[in-house]
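The values are calculated or read from the model by the stated rules, or taken from the named source; none is laboratory data. What you see is a predicted model, and the numbers here were worked out from it, not measured in a lab. No Cβ is skipped: glycine too gets one built from the backbone with ideal geometry, and neighbour counts run over all protein chains shown.
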Amino acid sequence: MVGCPSHTLIYNTTKVKPGEVPRSFEDLLNPRRKGRLVMDREEYDWLAGMIDLMGENKATAFLKKLVDEQGVKLKKGSCPHNSARGYRRARPDHETQGR
């Protein structure tokens, strides 16, 4: 799983089964995802977008859990293009509920 600009989640279809695609950002905290999450270290808009979506306290607590509990890796240039082979965009709940 990788976090990309704004509120976007991109997943590798060869590593994430259809029934395991996250339905919400909180799904990223599922223990089965531990050590499997990557975020672009220079994607500052993601945190700003999460603050807009969740509020500052909840967003920073969520990011802290991603790092402390899930061991999210921060790598430069880790966001694949949406159409990259083997990657698909996940749609968290807030996108499917008319936001």
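So, in the stretch 24-50, of the ones that are assigned to a helix (DSSP H, G or I) and surrounded by fewer than 16 Cβ atoms within 10 Å (Cβ to Cβ), which residue ends up nearest to the chain's Cα centre (by Cα)?
Going residue by residue through the stretch 24-50, those that are assigned to a helix (DSSP H, G or I) are 25-29, 31-33, 44-50.
Among the residues that remain, those that are also surrounded by fewer than 16 Cβ atoms within 10 Å (Cβ to Cβ) are: 26, 31-32, 44-45, 48.
Details: GLU26: 9, PRO31: 14, ARG32: 14, TYR44: 13, ASP45: 13, ALA48: 14 Å.
Filtering first and then ranking leaves GLU26.
Please enumerate the residues belonging to the stretch 59-68 that are surrounded by 13 or more Cβ atoms within 10 Å (Cβ to Cβ) and more than 17 Å from TYR11 (Cα to Cα). If you could, list the steps in order and put the result at the bottom.
Just the residues of the stretch 59-68 that are surrounded by 13 or more Cβ atoms within 10 Å (Cβ to Cβ), to begin with: 59-60, 62-63, 65-67.
ALA59, THR60, PHE62, LEU63, LYS65, VAL67, listed by residue number.
Considering only residues that are in a strand (DSSP E or B) and among the aliphatic types (A, V, I, L, M), look in the stretch 51-90 and name the one that is modelled with the lowest pLDDT. Break it down stepwise before answering.
Within the stretch 51-90, the subset in a strand (DSSP E or B) is 73-75, 87-90.
Then drop every residue that is not among the aliphatic types (A, V, I, L, M), which leaves 74, 90.
Details: LEU74: 78, ALA90: 67.
Ranking the qualifying residues of the stretch 51-90, first place goes to ALA90.
What are the pairs with Cβ atoms under 9 angstrom where one residue, in the stretch 12-32, is within 17 Å of ASP68 (Cβ to Cβ) and the other, located anywhere, is surrounded by fewer than 16 Cβ atoms within 10 Å (Cβ to Cβ) and among the basic types (Lys, Arg)? Sequence gap at least six, or different chains.
Once the first residue is within 17 Å of ASP68 (Cβ to Cβ) and sits in the stretch 12-32, its partners that are surrounded by fewer than 16 Cβ atoms within 10 Å (Cβ to Cβ) and among the basic types (Lys, Arg) give LEU28/LYS65; LEU29/LYS65.
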